[in-house]
Structures are given as structure tokens and as C-alpha cells.
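The block underneath contains the structure these notes are about, expressed in C-alpha cells.
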Amino acid sequence: MLQLTDSPPIQSLSSVEDAYEVCRRVTAKYSKTFYTGTMLMAPAKRRAIWAIYVWCRRTDELVDGPQAQFTSEKTLDRWESQLESIFAGCPVDDEDVALVDTLEQFPLDIQPFRDMIAGQRMDLHRNRYDTFEDLELYCYRVAGTVGLMSTTVMGVDTQLQTAPWSQQQQLDPTPQAIALGIANQLTNILRDVGEDARRGRIYLPLKDLAAFDYTEADLVAGVVDDRWRALMAFQIDRARRFYAEAESGIGLLSEDARWPVWCALALYRQILDVIEKNGYDVFSQRAYVPSLRKLLTLPSTLVKARVL
């Protein structure tokens, strides 16, 4: 349970090891595809990513979790204050202990964390997006920020900076990291569009719905017809363009981070393939990547990590 207090709790907090174990279990339970990628990382980076994931999940649950009906602007204000406490080295909850330790090892900037909270503020007040530009800002805040946080942990290959071609090559993977976060969020939106609609939220841009003559009522009713299939094909193509942009930044990361990122990208992008295989029916069946297919992805992504 989230403990949004203005002062540290009286009870003692868990050890660093126990806090990381909690983060590992939460990541494994709620994001199996993402967790698979983290298991390919070096231990310190893997644990840091788990700590970041759990903070992001707890932030998301303030607006989308079981207690979301009680969340207000003041709730998010207190959560942001707790974030500042974490960055000051003062954990409030057990999960914070892992993130504080991560901050001691990696030079994470607080701004992406603040931007993610700003994304939750959007969710608090908006349940429709008129244009893709509106949606892209939301996707950056709730997911592109994760790319920024993760890139700091992954690290950049400093040897590239001394290469003869380094002056001509873009060595900052930040845009691609943001693109990967946006691609993942767009994939989430397409996978969960039916569930979101039943909760009164429509993330697909209303302008896109109108362009394909598909109505909000059709969406709520789960109508799968030629209009819907064309609309979904358009959305999937857009998400794939963001994945393609993200690919160009992976080779700039530290060598030990390339395979897990290639793997995570490939696995998440395959959700789009499954949506297509299911005839774009995301209302009656959930798109997921089978375990065997995940295993078959490992060799090909390893090759890409070594040669690209």
C-alpha cells in the first residue's frame, strides 16, 4: 500500500537486499515480457531497473489502481514530495529503499520522474485525446520518461566517443530511448483498448477514429469490422515506426546493455504481431507473446546486439 506521508514512518524499513527482492517479484508478476529482458542484464543494472519499474508502477497505480477513486491533485503533490525525499536519500516506504540505493549508484535525474507524475495528472483529468500530438505528450510523460531513466542505468559506450567517426555520428541515445518508451505505451494502448474503453477511457486519438468513420460507441461495443481493422492497422504502423526509430540508438548503449534492450524491444513489438494474428480483435482476447516464442527471440536479438 502506498504510504503518502510528509514524514518518515516510525517503523524501521527493510534492508536493501529485501527491498530489491520485493521489486524483483513485482516486476516478474506484473510485466513478464519486461522482466525477461532485465534478466539478461548485469546484476547491478538489473536491480536498478526493477527499482525504477516499481516506482513507476506505484505512480501509475495512484490513478489506475484499486484506490484510484481517492486520488486527487493533493495525492500527487504528496507523492511528488515523497519523490524529493527519495532523491534526498530519505526513503519513506520499503520500496523506496531500493530506489535510494539505485540513486547512489547511477546518476539519475529527478526530472523524468516529475514528468511521469505530470502524466498521471493528465490521466486524473483527461479521458480523451483529440489528436496524436496530444497523445504523444501523454505517452512521453508516462513511458518515454522510463526510457530516459533506463538509459542512465544502461550507460553509453564511451569507446564510441574516441572512434574516428565519432564526430559525424550522433552519440546521444536519448531521442531513441524516448521513442522506445512511446512505442511501448502505444502498444499497451492498442492491447488494452477494449479494457480502457469499458473504464471510460479512450486513448486512440478522436481525430483518427473520425478519419476511419469509427465511433466511440463502436469502440465501447467492441465492434470489429473493416473500419476497425483499417484503424488498427494504421495505429500499429505508427507504433512500429517508433520502434524502428528506437533501434538506431541501441548500438550506442554500453555493450552489456544492448542484448537486453534488443530483447525487450523485440518481445514488446511482437505484441503487435499477435494483435494482427488475432484479426485485430483486442476486445475478446488479450494479445500476449507465448513463452516459447520469447525463448526463440533470444538468439536473434543476441546476434543483433553483437553486429548492429
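The values are calculated or read from the model by the stated rules, or taken from the named source; none is laboratory data. Worth saying up front: this structure is predicted, and the values here are computed from it rather than measured. The area values use the complete protein model at the heavy-atom level, side chains included, leaving out ligands, DNA and RNA. Shrake-Rupley method; radii C 1.70, N 1.55, O 1.52, S 1.80 Å.
Computed values, structure above
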item: Built amide H within the under 5 Å cut-off of residue 253, gap 5+; result: 157
item: Cα-derived Rg to Rh of the stretch 200-264, Kirkwood definition; result: 1.20
item: Square roots of 5 times each gyration tensor eigenvalue, C-alpha, the stretch 14-124, largest first, Å; result: 23, 17, 12
item: Computed accessible area, residue 56, all protein chains, 1.4 angstrom probe, square angstrom; result: 20 Å²
item: Kirkwood Rh in Å, taken over all unlike Cα pairs in the stretch 87-219; result: 17.2 Å
item: Apportionment of accessible area to carbon and sulfur, the chain, percent (1.4 Å); result: 53 percent
item: Per residue, in Å², the accessible surface of the stretch 14-124 once ligands and nucleic acids are set aside, probe 1.4 Å; result: 42 Å²
item: Rounded, prolate or oblate (a/c below 1.5 giving rounded, otherwise prolate when a/b exceeds b/c) for the chain by Cα gyration tensor; result: oblate
item: Heavy-atom accessible area order for 277, 304, largest first, 1.4 Å probe; result: 277, 304
item: Anisotropy class of the stretch 162-308 from Cα gyration tensor, a/c 1.5 cut; result: prolate
item: Additional length obtainable on full extension of the chain from residue 127 to residue 254, 0.36 nm per residue less Cα span; result: 41.9 nm
item: Gain upon complete extension [residue 245, residue 217; 0.36 nm per residue less C-alpha separation]; result: 6.7 nm
item: Flagged links, alpha-carbon separation over 24 Å, of 45/294; 45/74; 29/207; 29/294; 74/207; result: 45/74; 29/207; 74/207
item: For the chain: relative contact order, % (alpha-carbon pairs under 8 angstrom, 6 or more apart); result: 19 percent
